[in-house]
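The values are calculated or read from the model by the stated rules, or taken from the named source; none is laboratory data. All figures in this text were calculated on a predicted structure; none of them were measured in a lab. Heads up, the Cβs are rebuilt from the backbone with ideal geometry, glycines too, and the neighbour counts pull from every protein chain shown.
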Amino acid sequence: MPEAVLFESESSQDRAAIASYLRDVAAKLEAGDEGTLSAGDRSATLAPPERPTFDVKAEREGPADEQGDLGIEFEIEWHEGDESGSELSVE
């Protein structure tokens, strides 16, 4: 199924700023509140259901036998019509 990117942001930040951002996201998630992702004039408001799927991936980009870019991806995923959650809205 094709993927539609509703929001995307990439910036260089120090580890403390990234950790603070992740704590803010975690607090919203734990409280069951909607969370709005925003950067400049772009934003997306999301409200994950009580039991979304959580995917964590560590990866290396580039040839397996050479040094490359390392990354950690965290993904929270759910079906848009899931009755235990709310709808996605983009501002």
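Would you be able to tell me the number of residues in region 21-32 that are surrounded by 11 or more Cβ atoms within 10 Å (Cβ to Cβ) and more than 13 Å from the chain's Cα centre (by Cα)?
Count: 2.
List, please: which pairs have Cβ atoms under 6 Å, are six or more places apart or on different chains, and start with a residue in region 63-75 that is under 30 Å from A26 (Cβ atoms) and end with one that is surrounded by 10 or more Cβ atoms within 10 Å (Cβ to Cβ)?
Pairs found: G68/R60; G68/G62; L70/R60; G71/E59; E75/D55.
Consider only pairs whose beta carbons are under 6 Å apart and that are at least six residues apart or on different chains; among these, list those whose first residue lies in region 46-57 and is on the phi < 0 side of the Ramachandran plot and β-branched (V, I, T) and whose second residue is surrounded by 10 or more Cβ atoms within 10 Å (Cβ to Cβ) and assigned to a strand (DSSP E or B).
V56/F74
Need pairs with beta-carbon distance below 9 Å; first residue without any contact (Cβ under 8 Å) to a residue 24 or more places away in the chain and within region 5-21, second assigned to a helix (DSSP H, G or I) and surrounded by 11 or more Cβ atoms within 10 Å (Cβ to Cβ); sequence gap 6+ or separate chains.
Taking only residues 6 or more apart or on different chains, the pairs are Q13/Y21.
Only one of A17, A58, A44 is among the hydrophobic types (A, V, I, L, M, F, W, C), modelled with pLDDT of 95 or more and either part of a strand (DSSP E or B) or more than 14 Å from the chain's Cα centre (by Cα) (or both); which?
Within the list A17, A58, A44, the selection yields A17.
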